[in-house]
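Participant: Below you'll find the structure I mean.
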Amino acid sequence: MKLIKQLLQAALSPQELSIQDESHKHAKHAGAMESGGGHYKLEIVASIFNNKSAIERHRMIYTALGETMGRDIHAISINAKTPEEAATKDG
């Protein structure tokens, strides 16, 4: 998880970043066993997401994570917001 945090901080300069390892919920999941990677829940707030669609935000995150996808990470749930969206309940 430390590497994931470092990569995201370096590439996206988030104002808020929360990474939860949910691998225990997927014990003996065939795909996870094959890749050796874990399951993570990511909540990130970053100004760099301004004027970006959800798909663009996810692509930015996947790009930042690079080779960790499929190696260290088998699956990731992403909640990516701008600071303005994070400040509102409906964001």
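The values are calculated or read from the model by the stated rules, or taken from the named source; none is laboratory data. These figures come from a predicted structure and were not determined experimentally. Cβ atoms come from the backbone with ideal geometry, glycine included; neighbour counts cover every protein chain shown.
Participant: Checking Y40 against (1) within 15 Å of N79 (Cβ to Cβ); (2) at pLDDT 95 or above, only one condition comes out false. Which one?
Facilitator: Result: Y40 fails condition (2) only.
Participant: Continuing with the same structure: In this structure, is E34 modelled with pLDDT under 95 and either among the basic types (K, R) or in a helix (DSSP H, G or I) (or both)?
Facilitator: Details: modelled with pLDDT under 95: yes; either among the basic types (K, R) or in a helix (DSSP H, G or I) (or both): yes.
Yes: the conditions hold for E34.
Participant: Of the conditions (1) modelled with pLDDT under 95; (2) in contact with a Pro (Cβ under 7 Å, 6 or more places away or on another chain); (3) not aliphatic (A, V, I, L, M), S47 satisfies every one except a single condition; which number is it?
Facilitator: Here S47 clears every test but (1).
Participant: Sort out which residues of the range 42-71 are small (G, A, S), closer than 17 Å to T82 by Cα and in a loop (DSSP other than H, G, I, E, B), and write them in order of number.
Facilitator: Scanning the range 42-71 gives A46, S53.
Participant: Output the residues belonging to the range 53-91 that are free of Cβ contacts under 8 Å to residues at least 40 places away in the same chain, crowded, with 18+ Cβ neighbours inside 10 Å and touching an Asp or Glu at 6+ places or on another chain (Cβ under 9 Å).
Facilitator: A80, K81
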